[in-house]
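The values are calculated or read from the model by the stated rules, or taken from the named source; none is laboratory data. Note that the structure is predicted; figures quoted are calculated from it, not measured. Note: ideal-geometry Cβ built from the backbone for every residue, glycine included; neighbour counts use all protein chains shown. The area values use the complete protein model at the heavy-atom level, side chains included, leaving out ligands, DNA and RNA. Shrake-Rupley method; radii C 1.70, N 1.55, O 1.52, S 1.80 Å.
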Amino acid sequence: MTIEFQMLLDAAVLAFVLALVQATGLVLQAGFPAAIGNREGLAEATGWPGRAGRAHRNLLESLVLFAILVVAAHLLEKNSAVTALGARVFLWGRLAHAIVYIGGIPYARTVAWAVSVVGMGMILFELI
């Protein structure tokens, strides 16, 4: 397995973990019966559970683009040291983003997000 695909797999694991963190936060905040119900009329989560949900959704949005870039690099046989580094930068940026977002650190969240975008840009650069 290439480094790029390993980072894609690791990013999927991160998305799964964030889904569990978000669900745990919802249970703690709204209670188990509300969390397992259909959630109609349920207030939006606040505090760290709300931030965990937003971090999860943000990761899913980026994960689609990252996956396309990784698959394109593989299919076009453009894997290189740059794409491998870009994939690592993306993953570490997304991990940092999740941690600082859930922790409520606003400016660091944006910096971590930008780092992950740079990682995707590195892969895109190799494709064009």
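Give region 119-128 a look and list any residue that's farther than 11 Å from L91 by Cα and hydrophobic (A, V, I, L, M, F, W, C), or say none. Outline the logic, then answer.
Step one: of region 119-128, the residues farther than 11 Å from L91 by Cα are 121-128.
Residues satisfying the conditions are M122, I123, L124, F125, L127, I128.
Among the residues of region 68-94, which ones are under 18 Å from the mean Cα position of the chain (by Cα) and open to solvent by 30 Å² or more (accessible area, probe 1.4 Å)?
I68, V71, L85, R88, V89, W92, listed by residue number.
Only one residue in Q6, Q22, Q29 is open to solvent by 50 Å² or more (accessible area, probe 1.4 Å), over 27 Å from R88 (Cα atoms) and of a type in the set (S, T, N, Q). Which one? Explain how you work it out, then say what you get.
Numbers: Q6 fails: over 27 Å from R88 (Cα atoms); Q22 fails: over 27 Å from R88 (Cα atoms).
Criteria check complete, one pass: Q29.
What's the total number of residues in region 61-97 that are touching an Asp or Glu at 6+ places or on another chain (Cβ under 8 Å), of a type in the set (S, T, Y) and under 17 Å from V117 (Cβ atoms)?
Of all residues in region 61-97, those touching an Asp or Glu at 6+ places or on another chain (Cβ under 8 Å) come to 70, 73-74, 78-80, 82-84, 86-87, 91.
Subset that is of a type in the set (S, T, Y): 80, 83.
Remaining after also requiring under 17 Å from V117 (Cβ atoms): 83.
Number satisfying all stated conditions: 1.
Given (1) within 30 Å of F125 (Cα to Cα); (2) under 11 Å from the mean Cα position of the chain (by Cα), where does A19 come up short, assuming only one miss?
Here A19 clears every test but (1).
Tell me, please, whether a residue that is at pLDDT 95 or above, among the hydrophobic types (A, V, I, L, M, F, W, C) and not in a helix (DSSP H, G or I) can be found in region 30-48.
No: region 30-48 contains no residue that is at pLDDT 95 or above, among the hydrophobic types (A, V, I, L, M, F, W, C) and not in a helix (DSSP H, G or I).
Kindly indicate the residue of region 111-122 that is more than 13 Å from the chain's Cα centre (by Cα) and open to solvent by 40 Å² or more (accessible area, probe 1.4 Å) and also nearest to A55 (Cα to Cα) among those meeting that condition.
Among residues in region 111-122 that are more than 13 Å from the chain's Cα centre (by Cα) and open to solvent by 40 Å² or more (accessible area, probe 1.4 Å), the one nearest to A55 (Cα to Cα) is V111.
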